[in-house]
Amino acid sequence: MKDNQKFNTYQTPSWCPGCGNFGIWYALKSAYTELGFDNNDVCMVFGIGCSGNLSNFIKVYGFHSIHGRTLPVASGIKLANHKLNVVATSGDGDGLGIGLGHFIHTCRRNIDITYIIHDNRVYGLTTGQTSPTSPQGFQSKSTPFGVIEQPINPLALAIIQGATFVARGYSGEIDHLTSLIIQAIKHKGFAVIDVLQPCVTFNPNFSYPFYNPRVFKLEDAGHNPEDFNNALKYALDVNNDKIPIGIFYKISKPTYEESSEELRDKPLSEYDISDISISELIEEIRES
Ligand SMILES: Cc1ncc(C[n+]2csc(CCOP(=O)(O)OP(=O)(O)O)c2C)c(N)n1
């Protein structure tokens, strides 16, 4: 057990006993502790869902945003203050349903943000509807006859759309997940970790007895994360009984902040805007 007390709040998590969010919560606090962070070194952005409730249980700067909008908020924070470590989290419904457009565009931009998807393959907070990562045939309140559509593949999407660090974690492998979060935060650029997160209440078929015998670590399989083709091959291999976790893809590329002349030397918050009259601007827009 690590001494993560500094990142606890006075509230006790309200997740169901056995929820995978506990593992992610612990791994995040451990990562911040191992990185030597103070509470004000990191800003987290949360979406709406059981995963979003994490905002109450972790003592760092935080912004509990609206459904699907964690990444635009996180992007704004990073561009305003380059010194903050920005970590955004979403459920699979939040980030890959209503928020999917933002996900793809943030991959393209390569802003220096860490993004954690709590992927339980179901809508948890709203008590068990189908999500974009629910498998075909999945029966739920919203798809009583089974899902027809092909599920979203967040890792393959991230790899082809320009994310520079793409990984899969498992909330039942907390030390491994902690190490992934540390590497993602240290990475300069958009780092995505899709975390397999059991929802023991509304998706019991994808719980610990399913994942434990199937997961294996890519680093043990000798995978080179700079190998684009092999990374994509692993990401697309969804029908195999074995499930890889670890870093699929990692390359070095200039970040959005470094590539923009306006942002390279100083963040938005350091620009002097005292001589800008907002009312004049509004008037100008009204007239145009
Ligand atoms: C604009 C909007 N649409 C719908 C909802 C209702 N809603 C709240 S959480 C949620 C989905 C939660 O699922 P997921 O993102 O997978 O998170 P989980 O609860 O499983 O962690 C939905 C549809 C909402 N709050 N706002």
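Every read-out reported here was derived from the displayed coordinates using simple, explicitly stated rules and does not represent laboratory data. Quick caveat: nothing in here was measured; it's all calculated off a predicted structure. Virtual Cβ from ideal backbone geometry, glycine too; neighbours counted across all protein chains shown.
The table below gives the values:
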read-out: Prolate/oblate/rounded label for region 38-125 (Cα gyration tensor, a/c 1.5); value: oblate
read-out: Long pairs among K83/K253; K29/K188; K78/K253; K188/K242, criterion Cα-Cα beyond 26 Å; value: K188/K242
read-out: Kirkwood Rh, Cα atoms: Rg over Rh of region 130-264; value: 1.02
read-out: Dipole in debye (nearest 20) - the chain, about Cα centre, beta carbon charges: Lys, Arg +1; Asp, Glu -1; value: 940 debye
read-out: Linear extension gain, K188 paired with D272, 0.36 nm per residue minus alpha-carbon span; value: 27.6 nm
read-out: Electrostatic dipole magnitude of region 174-235 [Cβ: Lys, Arg +1; Asp, Glu -1; Cα centre; debye, to 20]; value: 100 debye
read-out: Principal axis dimensions, largest first and in whole angstrom, of the chain by Cα; value: 61, 42, 41
read-out: Distance between region 198-218 and region 114-130 - C-alpha centres, whole angstrom; value: 14 Å
read-out: Neighbour cut-off at most 15 other Cβ (10 Å), DSSP loop, chymotrypsin sites (Phe, Trp or Tyr not before Pro), region 145-209; value: F145
read-out: Helix 100-109 axis, angle to the chain major axis (alpha carbon atoms, nearest 10°); value: 60 degrees
